[in-house]
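Scroll down for the structure; my scribbles are underneath it.
The values are calculated or read from the model by the stated rules, or taken from the named source; none is laboratory data. Remember, predicted model here, so these are calculated numbers, not experimental data. Methodologically, a virtual Cβ is constructed for each residue, glycine included, from the backbone with ideal geometry; neighbour enumeration extends over all protein chains shown.
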């Protein structure tokens, strides 16, 4: 359903001669994101669990994310070149991988680790919420994730507005490609880094690096600032892998997908609010100060993770 919605959304975008056609494409893209939300991570985890490879989740998650980022890096460059001639061609060519994605989805095998216990979606949702209430560590991880996603995604999507104040328009795709290449490497080695340093330590280290680099790049904007911001991607993949690994350890088996979807919903709501306030702040001040205003949220997300680390270190638990 997610792959099919993606295909339809790209087709509507390609036909987008009218606003209502683009609106339908946007709705279908949102539908695709909803079908993927929580489901894909749970599908990967349960597939590994079925073959007794559950401990390899970080490795497989990282490799999957690496392939995605590599695709983004290639299309950031290719898409920019094609768009120079025609935006319509960019969208029509995007239909091809969407078709391939749909065909691949039919080859995915449903894991048989769990059997459906109830068709009552409200009962299932209630059980998932009870799981959050019963697990303080999961609540703290979720809060950090929601704040971090809202702040990080809003900042990332707005970064081009800042970069274009320092770099020419033609170079903006280079900054995007650098971010994707860095994330490709970070995801690829994410599983190995989690095993070596621990998921929680790795996540904290990456967030601390991003916080320091963002402040340095934004307080005194220079021609190097876009490249400095792109360097955050070197920890993005390993951090995302670490976060997902920590979450999957805490989710209950029966509500794994639903609990991940609830976290995704919280992050999307946070992103919607923060991105609006970010744009408003940029209009009142400037892009650099607007992005700088996001950093207290990054600090809050980091402090929550540090509290978890301190508690587990005190109790002698692995982290």
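Values as computed for the structure displayed
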item	result
Residue count, segment 157-204 (criterion: within 18 Å of the chain's Cα centre (by Cα) and under 20 Å from residue 65 (Cβ atoms))	24
Unmet criterion (only one of (1) in contact (Cβ under 8 Å) with a residue 60 or more places away in the chain; (2) closer than 25 Å to residue 138 by Cβ; (3) crowded, with 23+ Cβ neighbours inside 10 Å; (4) in contact with a helix residue (DSSP H, G or I) (Cβ under 6 Å, 6 or more places away or on another chain)) for residue 210	(4)
From the options 29, 55, residue that is in a helix (DSSP H, G or I), at pLDDT 85 or above and buried (at least 17 other Cβ atoms within 10 Å of the Cβ)	29
Given (1) surrounded by 18 or more Cβ atoms within 10 Å (Cβ to Cβ); (2) under 19 Å from residue 242 (Cβ atoms); (3) free of Cβ contacts under 8 Å to residues at least 60 places away in the same chain, number of the condition residue 178 does not satisfy	(2)
Subset of segment 134-146 [over 20 Å from residue 269 (Cα atoms) and either in contact with a strand residue (DSSP E or B) (Cβ under 9 Å, 6 or more places away or on another chain) or in a helix (DSSP H, G or I) (or both)]	134, 136, 137
Residues of segment 10-26 that turn out to be part of a helix (DSSP H, G or I), touching a residue at least 12 places away in the same chain (Cβ under 8 Å) and over 20 Å from the mean Cα position of the chain (by Cα), as a count	7
Residue check for residue 235: under 19 Å from residue 144 (Cβ atoms) and under 17 Å from the mean Cα position of the chain (by Cα)	yes
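Rundown of residues vs (1) modelled with pLDDT of 90 or more; (2) in contact with a strand residue (DSSP E or B) (Cβ under 9 Å, 6 or more places away or on another chain); (3) farther than 19 Å from residue 236 by Cβ; (4) crowded, with 20+ Cβ neighbours inside 10 Å, yes/no style:
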position: 252; (1), (2), (3), (4): no, no, yes, no
position: 258; (1), (2), (3), (4): no, no, yes, yes
position: 270; (1), (2), (3), (4): yes, no, no, yes
position: 281; (1), (2), (3), (4): yes, no, yes, no
position: 288; (1), (2), (3), (4): yes, no, yes, no
position: 291; (1), (2), (3), (4): yes, no, no, yes
position: 297; (1), (2), (3), (4): yes, no, no, no
position: 305; (1), (2), (3), (4): yes, no, no, yes
